[in-house]
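Below is one structure, written out as structure tokens; the observations come after it.
The values are calculated or read from the model by the stated rules, or taken from the named source; none is laboratory data. Since we're looking at a predicted model, the values are computed, not measured. Using ideal geometry, Cβ is built from the backbone for each residue, glycine included, and neighbour counts are taken over all protein chains shown. Each accessible area value is taken on the protein alone, full model and side chains, heavy atoms only, with ligands, DNA and RNA left out. Shrake-Rupley method; radii C 1.70, N 1.55, O 1.52, S 1.80 Å.
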Amino acid sequence: MAEQKILILDFGGQYNLLIARRVREQHVYCELHPHTMPLEEIRRFDPLGIILTGGPASVYEPGAPTVDPALFRLGVPVLGICYGCQLMAQSLGGLVTPAEDDSAREYGKTQTRFDPACALFRGLPEESVTWMSHGDYMAAVPPGFRPAAHSAACPTAAVCDEARRLYGVQFHPEVNHTEYGAQILRNFLYAVCGAEGDWTMADFKAQAIASIRERVGEGRVLLALSGGVDSSVAAALLNEAVGSRLTCVFVDHGLLRKNEGEEVAAVFSGRALRFLHIHAEDRFLARLAGVTDPEAKRRIIGETFIRVFEEVGRDIGAVDFLAQGTIYPDVIESGAGEAAVIKSHHNVGGLPDCVDFKEILEPLRMLFKDEVRELGRTLGLPEELVSRQPFPGPGLAIRVIGEVTKEKLALLREADAIFREEIARAGLSRVCSQYFAVLTNLRSVGVMGDGRSYDCAIALRSVQTSDFMTADWSRLPWELLDRVSVRIVNELRGVNRVLYDVTSKPPATVEYE
Ligand code: XMP
């Protein structure tokens, strides 16, 4: 792990994960912890600087989240953002009040003037746009502080006490709408905290390998490989660390995209590890026969996965470590601190119960998705695998509407491959967040040559999103849609209609089932 660490204390704001990402993008390691982290623990963490996040509460409400004011006497630089700024002001003798009239509340893009003498704003133009979202404001700054930025409605858009290295901003430097947000965070990290930018993937890789070796010793490690980015990168990292003492179990449920199973096998079967490629398509399809309900499909796939894994586990025997590709957003979302989190990968709830292991190993649990991809590249994994778009655990089963059969899967696989091929050819594979074909259960009349057809409709789905909680449909070029449509109906027998989905999430979801 990097030597220099920034501690981010979480007050429940919606952009908190983004703050952590922005800090790491500046090559400074950071961790997000609950604001209730005890002072002793904070001392042990030994942060280079502390960031207090925004949050939905008001600091003057009874029971509002707070920190031990001794935090501000640690001699560690602090940056308070929005709620964090108000909390610092109140704790140190300032006055925070609700904005009396609407004009003092600020939401959205706001022209802000900065004091260039304040270290946070060094090198910035004196005026630019910031992103505000607050109903409270600092009516009086604490002793020792001075205002360092203002907007038309707010005389204290930023405050600082440079002697104690305490800084606060009312706006959100972490969101892109704040024009010089990245520069402001950089100033805090480098000019105020003295960061050296020691967080690089090559360093992380070397340190992660050393710590895995130390922990595992001569032990044996088992990993369920799904073919997704996280478990593949975890496999490559563990492989470098423990070599042939790693066993990877790849359960191919027959619901993968075209060539996906072979691609994963090609990457891992050539390495010095035990790679078990379990072909279980027939077994999954037999269990899915006649099933049309989406949740029933998910349940069956999850259960079948466990059964297959149990059987393989019995053959493998006892292992010392069960490894998982848990990543940082999974850890944060589950609200876990130090406790081990079992990711329900592939919807495999309870997977660890069915194999005999002593400890859980989660080597990626401190990495964001883009960092995992970067680590994958550093480990020499192919770009197609590393930059792979998300793919649901139940695979194509939830993209064949209604009953899943081998024939339908084969048809969908081809249509999906054509769509992906054309998206790549148009240079859009990194632009669209997720894109795929769906085999609908709609049959409709068409005319082909001189004859009438009564065939299936393929729906194309492509979305833009950063978090998959909400998504917008991609404005793909007409020419691209035209090419995909022509190719699908010409190349695939049994399809006479192609539809493009122009629904956002909400009200629709990304997947169809
Ligand atoms: P929805 O359809 O919920 O999808 O808007 C949001 C994201 O989650 C993925 N997804 C799943 N992933 N198991 C998974 O591992 C599932 O059952 C599942 N359902 C949806 C989906 O592909 C999208 O990225």
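Do you know which of the residues in segment 181-216 that are β-branched (Val, Ile, Thr) and closer than 20 Å to Val78 by Cα is surrounded by the most Cβ atoms within 10 Å (Cβ to Cβ)?
The extreme case among them is Ile184.
Criterion first (surrounded by 13 or more Cβ atoms within 10 Å (Cβ to Cβ), in a loop (DSSP other than H, G, I, E, B) and within 16 Å of the ligand (Cβ to nearest atom)) does Val510 satisfy it? Show your work before the answer.
Working: surrounded by 13 or more Cβ atoms within 10 Å (Cβ to Cβ): yes; in a loop (DSSP other than H, G, I, E, B): yes; within 16 Å of the ligand (Cβ to nearest atom): yes.
Yes: the conditions hold for Val510.
Out of all the residues in segment 378-417, which are open to solvent by 20 Å² or more (accessible area, probe 1.4 Å), of a type outside the set (Lys, Arg) and part of a helix (DSSP H, G or I)?
Matches in segment 378-417: Thr378, Glu383, Glu384, Glu407, Ala410, Leu411, Glu414.
Keeping to segment 64-81, report how many residues are more than 15 Å from Met37 (Cα to Cα) and not in a strand (DSSP E or B). Before the answer, list the steps.
Step one: list which residues in segment 64-81 are more than 15 Å from Met37 (Cα to Cα), which gives 64, 73, 75-81.
Checking which are not in a strand (DSSP E or B) leaves us with 64, 73, 75-77.
Count: 5.
Could you please find all residues in segment 314-331 being open to solvent by less than 10 Å² (accessible area, probe 1.4 Å) and assigned to a helix (DSSP H, G or I)?
Those that are open to solvent by less than 10 Å² (accessible area, probe 1.4 Å) and assigned to a helix (DSSP H, G or I): Tyr328, Val331.
If I filter segment 442-457 down to residues being of a type outside the set (D, E, K, R) and open to solvent by less than 60 Å² (accessible area, probe 1.4 Å), which single residue comes out as nearest to Glu511 (Cα to Cα)? Break it down into steps so the answer makes sense when it comes.
Let us first name the residues in segment 442-457 that are of a type outside the set (D, E, K, R), namely 442, 444-449, 451, 453-454, 456-457.
Now narrow it down to the ones that are open to solvent by less than 60 Å² (accessible area, probe 1.4 Å): 444, 446, 451, 453, 456-457.
On the way: Ser444: 22, Gly446: 27, Gly451: 34, Ser453: 28, Cys456: 19, Ala457: 16 Å.
Here the residue is Ala457.
What residue, of Leu95, Leu18, is touching a residue at least 60 places away in the same chain (Cβ under 8 Å) and open to solvent by 30 Å² or more (accessible area, probe 1.4 Å)?
Leu18
Could you tell me which residue of segment 1-19 is farthest from Cys85 (Cα to Cα), considering only residues that are hydrophobic (A, V, I, L, M, F, W, C) and at pLDDT below 90?
Applying the filter and picking the extreme gives Met1.
A quick yes/no check of all residues on (1) within 20 Å of Val229 (Cβ to Cβ); (2) open to solvent by 20 Å² or more (accessible area, probe 1.4 Å); (3) modelled with pLDDT under 90; (4) more than 16 Å from the ligand (Cβ to nearest atom):
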position: Glu240; (1), (2), (3), (4): yes, yes, no, yes
position: Arg245; (1), (2), (3), (4): no, yes, no, yes
position: Val267; (1), (2), (3), (4): yes, yes, no, yes
position: Arg271; (1), (2), (3), (4): yes, yes, yes, yes
position: Leu276; (1), (2), (3), (4): no, yes, no, yes
position: Arg283; (1), (2), (3), (4): no, yes, no, yes
position: Arg299; (1), (2), (3), (4): no, yes, no, no
position: Ala336; (1), (2), (3), (4): no, yes, yes, yes
position: Lys343; (1), (2), (3), (4): yes, yes, yes, no
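If you go through segment 465-495, how many residues are at pLDDT 95 or above, outside any loop (DSSP other than H, G, I, E, B) and open to solvent by less than 90 Å² (accessible area, probe 1.4 Å)?
Qualifying residue count, segment 465-495: 10.
Only one of these is open to solvent by 20 Å² or more (accessible area, probe 1.4 Å), of a type in the set (A, V, I, L, M, F, W, C) and part of a strand (DSSP E or B): Leu428, Leu499, Leu439, Leu460. Name it.
On the way: Leu428 fails: part of a strand (DSSP E or B); Leu439 fails: open to solvent by 20 Å² or more (accessible area, probe 1.4 Å); Leu460 fails: open to solvent by 20 Å² or more (accessible area, probe 1.4 Å).
When all the criteria are applied, what remains is Leu499.
Check Gly290 against each of (1) under 29 Å from Ile401 (Cα atoms); (2) open to solvent by less than 10 Å² (accessible area, probe 1.4 Å) and name the one condition it does not meet.
(2)
Just to check your reading of the model, which residue among Gly302, Gly254, Gly290 is touching a residue at least 24 places away in the same chain (Cβ under 8 Å) and within 21 Å of Leu322 (Cβ to Cβ)?
One residue alone meets the criteria, Gly302.
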